[in-house]
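Colleague: Can you keep this structure in mind? I'll have questions shortly.
The values are calculated or read from the model by the stated rules, or taken from the named source; none is laboratory data. Computed from a predicted model, the values in this text were never measured in an experiment. Please note that ligands, DNA and RNA were not included when accessible areas were found on the heavy atoms of the full protein model with its side chains. Shrake-Rupley method; radii C 1.70, N 1.55, O 1.52, S 1.80 Å.
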Amino acid sequence: MKILALGAHPDDIEIFMFGTLAACAAQGAELTFAIATNGARGGNGDPAALARARRDEATAAAGLLGVEPRFLGFPDGELIADAALISSLKALIGEVKPDLAITHAPYDYHGDHRALSDGVRIAASFAVPVLHADTLGGTGFSPTHYVEISQHWDIKAKAIRAHRSQGPEHYVHRARLQNEFRAGQCNGAAGALAEAFRFEPTFPFADIRALLPPAPPIRPVMASPGPAGRAG
């Protein structure tokens with residue numbers, strides 16, 4: 001089982017899909033991380049120095065799962081789904097030969113996220129099914145699949161915190177709130193955490209459930225008793 005995770009910026013994989021990737025790794029999957037832009041606009045100061053720092057941070061975070069990330073090196077904030085990006089993605093997919101690719105939703109908040117999503121969709125073609133990660137805050141996102149990550153939260157939080165240049169505690173907090181909410185959508189137990197994804201079936205890929213770690217367990221829904229003395 002080979003999983004290709006693609007993020008637009010050096011911390012995107014950690015925020016949006018790292019728990020699922022940790023679950024995949026626990027099942028023995030071979031992981032490849034690819035980061036499209038250099039992250040040079042993700043802060044103040046010298047862009048070249050920031051790009052180097054963010055590369056080091058992404059390397060440290062990916063290393064928690066034994067992964068050496070690939071850096072495609074496109075300029076931060078200027079990503080477009082043009083021939084250069086699509087050619088780079090096709091070459092990567094052809095080299096890795098993944099069973100599943102995971103990237104941003106096509107309507108996520110950042111233009112770089114949307115461009116990468118479009119590029120991956122085009123580059124994937126008949127080669128690999130593409131799964132879209134949750135959007136920031138879940139805005140406009142309708143999940144089709146959920147992955148239980150309760151056992152992998154600690155390593156996800158550690159991976160986000162590896163991005164020291166980005167004020168990571170803010171993202172740790174937001175990610176946990178979102179993962180709690182997604183688990184709640186599945187009627188998860190108190191404290192359960194889940195990451196959400198959306199899959200659009202495209203020929204020849206109609207069903208990818210066998211490619212994903214388990215979803216949160218289904219719990220029975222108990223009817224609440226009505227107020228005392230109330231009939232019906």
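Colleague: How long are the semi-axes of the equivalent ellipsoid of region 1-89, taking √(5λ) for every eigenvalue λ of the Cα gyration tensor, in whole Å from largest down?
Modeller: The equivalent ellipsoid of region 1-89 has semi-axes of 23, 16, 10 Å.
Colleague: Each residue of region 118-129 in order: what ³J(HN,Hα) in whole Hz does its phi give by Karplus 6.51 cos²θ - 1.76 cosθ + 1.60, θ = phi - 60°, with x for Gly and Pro?
Modeller: Working through the residues one at a time gives 5, x, 5, 4, 5, 5, 5, 6, 8, 7, 7, x Hz.
Colleague: Using a 1.4 angstrom probe and counting only protein chains, how large is the accessible area of F181 in Å², to 10?
Modeller: So the heavy atoms of F181 present about 120 Å² to solvent.
Colleague: Step by step: find N for region 79-187, compute 2.2 N^0.38 Å, then divide the Cα radius of gyration by it. What's the final number? Present the calculation step by step, with values, prior to reporting the outcome.
Modeller: Details: Rg = 15.5 Å, N = 109, 2.2 N^0.38 = 13.1 Å.
Working it through for region 79-187, the quotient is 1.18.
Colleague: Applying the Karplus parametrisation 6.51 cos²θ - 1.76 cosθ + 1.60 with θ = phi - 60° to the phi angles of region 142-155, what ³J(HN,Hα) value in whole Hz is obtained for each residue in order, glycine and proline being reported as x?
Modeller: Couplings: 10, x, 10, 9, 10, 10, 5, 10, 3, 6, 10, 5, 4, 6 Hz.
Colleague: Starting from the Cα-Cα distance between H110 and A26, subtract it from 0.36 nm times their residue separation and give me the gain in nm to one decimal.
Modeller: Details: separation 84, 0.36 × 84 = 30.24 nm, distance 3.06 nm.
My answer for the length gained is 27.2 nm.
Colleague: Can you give the Kirkwood hydrodynamic radius for region 84-130, in Å, rounded to one decimal and based on Cα pairs? Mind showing how you got there, number by number?
Modeller: Numbers: mean 1/r = 0.0939 Å⁻¹.
Mean inverse Cα-Cα distance, inverted, gives 10.6 Å.
Colleague: State, in angstrom, two size descriptors of region 149-201 derived from its alpha carbons: Rg to one decimal place and Dmax to the nearest whole number.
Modeller: For region 149-201, the Cα radius of gyration and maximum Cα-Cα distance read 12.3, 38 Å.
Colleague: Working out 0.36 nm times the residue gap between R174 and R219, then minus their Cα-Cα distance, what length gain in nm do you get to one decimal? Please list the in-between numbers first.
Modeller: Details: separation 45, 0.36 × 45 = 16.20 nm, distance 2.57 nm.
Value of the extension gain: 13.6 nm.
Colleague: Same structure, new question: Per DSSP H run of at least 4 residues, take -39500 (n - 2.57); add these up for the chain, divide by its residues and hand me the 222 nm value, nearest 500 deg cm²/dmol. Before the final figure, lay out each step's value.
Modeller: Details: 6 runs with 87 residues, N = 232.
My calculation for the chain gives -12000 deg cm²/dmol from helical runs alone.
Colleague: Mind pulling the per residue volume of the convex hull built on the Cα atoms of the chain? Å³ is fine.
Modeller: Numbers: hull volume 31.9 nm³, N = 232.
Each residue corresponds to 138 Å³ of Cα convex hull volume.
Colleague: Same structure, new question: Mind computing the radius of gyration and Dmax over the alpha-carbon atoms of region 116-158? Å is fine for both.
Modeller: 13.6, 36
Colleague: Under the Karplus relation 6.51 cos²θ - 1.76 cosθ + 1.60, θ = phi - 60°, what is the ordered set of whole-Hz ³J(HN,Hα) values for region 76-83, x standing for Gly and Pro?
Modeller: 5, x, 10, 6, 9, 7, 9, 4
Colleague: Can you give me the long-range amide H partners of L193? Hydrogens built in the peptide plane at 1.01 Å from N, cutoff under 5 Å, separation of 5 or more residues or another chain.
Modeller: I149, S150
Colleague: For K158, which lysines qualify as cross-link partners when the Cα separation must be under 27 Å and same-chain residues fewer than eight apart are set aside?
Modeller: By straight Cα distance, K158 reaches K2.
Colleague: Kindly identify region 121-232 as rounded, prolate or oblate by the Cα gyration tensor criterion: order the square roots of the eigenvalues as a ≥ b ≥ c, call it rounded if a/c is under 1.5, otherwise compare a/b with b/c, prolate if a/b is larger, else oblate.
Modeller: On the way: a/c = 2.40, a/b = 1.31, b/c = 1.83.
Oblate, since a/c reaches 1.5 and b/c is not below a/b.
Colleague: How far, in nm, would the chain grow between D99 and R41 when pulled straight, counting 0.36 nm per residue and subtracting the alpha carbon separation? Walk me through the numbers before you get to the answer.
Modeller: On the way: separation 58, 0.36 × 58 = 20.88 nm, distance 3.23 nm.
This chain segment gains 17.6 nm when fully extended.
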